[in-house]
1. Starting from 0.36 nm per residue, how many nanometres of slack lie between residue 299 and residue 434 once their C-alpha separation is accounted for?
2. Please give the helix 146-156 orientation as an angle from the longest Cα principal axis of the chain, in degrees from 0 to 90, rounded to the nearest 10.
3. Indicate the gyration tensor shape class of region 53-189 (rounded, prolate or oblate), computed on the Cα atoms with a ≥ b ≥ c the square roots of the eigenvalues: a/c under 1.5 is rounded; otherwise a/b larger than b/c is prolate and the rest oblate.
4. Label-point separation (nm) for residue 81 and residue 387, each offset 7 Å from Cα along Cα-to-Cβ?
5. Treating the Cα atoms of region 133-247 as identical point scatterers in vacuum, please give the log10 of the normalised Debye intensity I(q)/I(0) at q = 0.13, 0.17 Å⁻¹, two decimals.
6. Starting from the Cα of residue 105, step 7 Å along the direction of its Cβ; do the same at residue 292; then give the gap between the two resulting points in nm.
7. With unit charges on the beta carbon (Lys/Arg positive, Asp/Glu negative), name the residue among 424, 182, 62 whose Cα is farthest towards the positive pole of the charge dipole of the chain.
8. Could you state the angle between the C-alpha long axis of helix 283-295 and the longest principal axis of the C-alpha atoms of the chain, as a value from 0 to 90 degrees rounded to the nearest 10?
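Derivation of every value follows stated rules applied to the coordinates shown; laboratory data play no part. As the structure is a prediction and not an experimental result, all values here were calculated from the model. FYI the Cβ positions are ideal-geometry reconstructions off the backbone, even for glycines, and counts take in every protein chain you see.
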Amino acid sequence: MKGKRRIWLWGLGITVLVPAVLTGGMLASLNVEITEGGAHSRINVPLPLADSQGIAIHAYGGTAETDARFTGWLDGPIVRRGPEGRWRAHWFCEGRVEERDGAGESLDVPCAGTTHRIALRAPPMLPDVLPMPAKVAVLSDLEGNAAFLDEALPRMGIVNAEGRWAFGNGHLVVLGDVVDRARDVHAVLWTLYRLAGEAADAGGALHLVLGNHEQYVLAANISRAHPDHRHALQALGGYAEPFARGTVLGDWLRSRPVALQLGEVLFVHGGISPAVLDRGLSVNALNAASRAYWSGANTTPTPALDSVFLPDGVTQYRGLLQAVEGRYAQADAAHVERVLAHFGVRQLVIAHTPVPRAQARYDGAVMAVNVNDNSATPSVLRYEGETPRVEDIGVPRRLVDNPSVHARPLDLTSDADRALLKRTMVAMQDLAALPQPY
């Protein structure tokens, strides 16, 4: 009897001890990846006795090293409007938060020896269905890549050497996903905001059509954001702050369309699925639903909101270019013909799903323009009247998939590292609590 009990106790001890040793080894081997500026990017958790390298957990909490130094980098400003033309602005400059109150249609933001002039005058609201302009250019999926945008716009003839609108009465369509991924989200948005006003003054227009990533950031879903940007946003008041109602950029984004029609060409970020088509919605109905949602006027699920936000909605549907297993097959030519007939157009322009070069599909009935990939040909779509033309601009995206530059062990005896883990867990809980799908 004693022998059996001894064997049982040994078995119990091994059962408890082995996981404890393995867990202890895992905890001792934790490390955190860090960006060049000093923001925490990922926490790496090794898996003992496994062939894989372990689990990489994104550090969603927006934490950074105590000696972080974001040399030369400006994030923001976040500008809230007040009464009688006044505003309050705050921004993140090289690791410090600065703020200013003022009035007028511009704001000067000093940072790292440079003064950035921010245009605050609201661009005019334009109809979502317009005649086809004489010239149109299309960009998409900029994803916070200000360096690419600053190089591409003059190469395309959209701006002059000083960065001012030079496209006359032409229209620039930016077909969604200008945020997330790279860290210069605010720089991209403020550039587009300013150019929208300058374009209107010249008789042209800049149209920003919302993509799924704009929807993410408006909902405070920062799971795709750059670690440096996450850290800056935490310092500036949290993930919901930059595009909240009452902020200049937040109000602008919330008023943007999810569908745009120029002449006989329809522009949406993702595509038009059979489900959306079956609901019989117009361009204006889709946009009204999106605007009502982001204004807070209607957040109750409706067929129109489903058409905007669901995986087969206009901002996320990929079926015109590929099947998505378990959700839908790739569309056929008959479906595309139904789309064109329903909206009264002859061509549909989509982004979202990457292609190796801007290109025509379905015998020219669909134009796909998302070339946001290092292996893709740097090309853009243009229209001269109703005639589409693909142009190579020779400006690479230079994307960086993982911004980490080094890693260090995670010290669980350190108050700062325990705070890192806590902030990460809280942020993951906040993300999980966001309403799905909207």
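1. 47.3 nm
2. Here the helix axis deviates by roughly 20 degrees.
3. Oblate shape, in that a/c is at least 1.5 and b/c is the bigger or equal ratio.
4. Here the modelled spin labels are 4.2 nm apart.
5. So the normalised log intensities work out to -0.50, -0.81.
6. So the label points at residue 105 and residue 292 sit 3.4 nm apart.
7. Of 424, 182, 62, it is 424.
8. 50
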